[in-house]
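Written below as structure tokens is the structure these notes are about.
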Amino acid sequence: MTLPGPASSTSVDGQSSEVIEGYAYLPWMRFAGMALAIALCFWMVWLLASGRFGASVWSNPLFGWSLAALVVIVPLAWQLRVSKVRVDSEGIEQTWLWPKKVAHRDLVHAKLIQVPGLTWLFVPRLYTRGQGLKMVTFYCGDPAIAKRAQLIVDQTIARYLSGR
């Protein structure tokens, strides 16, 4: 799924009409994920080239577990690298292994969890609960997304207090 760049649209349900898009994860996390995946690939090649798996590579359990780790870590590292969050007048959307999306009109509860002063280390998270108790977590690695997430939380609380 490709997400278009910032644009303007009409306001719906009192939500801001500005489209904000940014990375879901912090730069150091994207780098660390890719570094781990690349290091794991080089380690596997080194083990194969040095004969550490023995004569029968396919029957060695170390090879199987190493291959399983590679199959899990490489796609996750890639998704850490490319995952983006988009907030527009319709709702919140994050690309991941599967797309995560919640419409503003379906929000029942929203809470932004962040560690003050340590947002460079821990990604702020927006926990949402939609109608039907569907819970979705959005990662807000971009400060603009985190600010918009706080606005969404405030609007959800105001809507709850007003009885809508």
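Quick notes on this structure:
- The number of residues in the range 83-100 that are without any contact (Cβ under 8 Å) to a residue 24 or more places away in the chain and under 22 Å from GLU18 (Cα atoms) comes to 1.
- All conditions but one from (1) farther than 21 Å from PRO143 by Cβ; (2) in contact with a Leu (Cβ under 9 Å, 6 or more places away or on another chain); (3) not in a loop (DSSP other than H, G, I, E, B) apply to ALA32; the one that does not is (1).
- In the range 41-51, of all residues being open to solvent by 40 Å² or more (accessible area, probe 1.4 Å) and of a type outside the set (Gly, Ala, Ser), the one that is nearest to the chain's Cα centre (by Cα) corresponds to CYS41.
- Some residue of the range 52-62 being of a type in the set (Phe, Trp, Tyr), at pLDDT 90 or above and open to solvent by 80 Å² or more (accessible area, probe 1.4 Å): no
- Extreme residue, most open to solvent (accessible area, probe 1.4 Å), among residues of the range 120-131 that are more than 13 Å from the chain's Cα centre (by Cα) and over 18 Å from VAL102 (Cβ atoms): TRP120
- Selected residue [of a type outside the set (S, T, N, Q) and in contact with a strand residue (DSSP E or B) (Cβ under 7 Å, 6 or more places away or on another chain)] from PRO99, PRO75, PRO61: PRO99
- Of all residues in the range 93-119 being part of a strand (DSSP E or B) and touching a Lys or Arg at 6+ places or on another chain (Cβ under 7 Å), the one that is least open to solvent (accessible area, probe 1.4 Å): GLN94
- Residue satisfying all of: in the range 71-92; outside any strand (DSSP E or B) and within 12 Å of the chain's Cα centre (by Cα); surrounded by the most Cβ atoms within 10 Å (Cβ to Cβ) among these: LEU80
- Of the residues making up the range 132-145, those that are assigned to a helix (DSSP H, G or I) and surrounded by fewer than 22 Cβ atoms within 10 Å (Cβ to Cβ) number 4.
The values are calculated or read from the model by the stated rules, or taken from the named source; none is laboratory data. Note that this is a predicted model, so its numbers are computed, not measured. As a convention, Cβ positions derive from the backbone with ideal geometry for all residues, glycine included, and neighbour counts pool all protein chains shown. When the accessible area is computed, the model is the full protein with side chains, heavy atoms only, and any ligands, DNA or RNA have been set aside. Shrake-Rupley method; radii C 1.70, N 1.55, O 1.52, S 1.80 Å.
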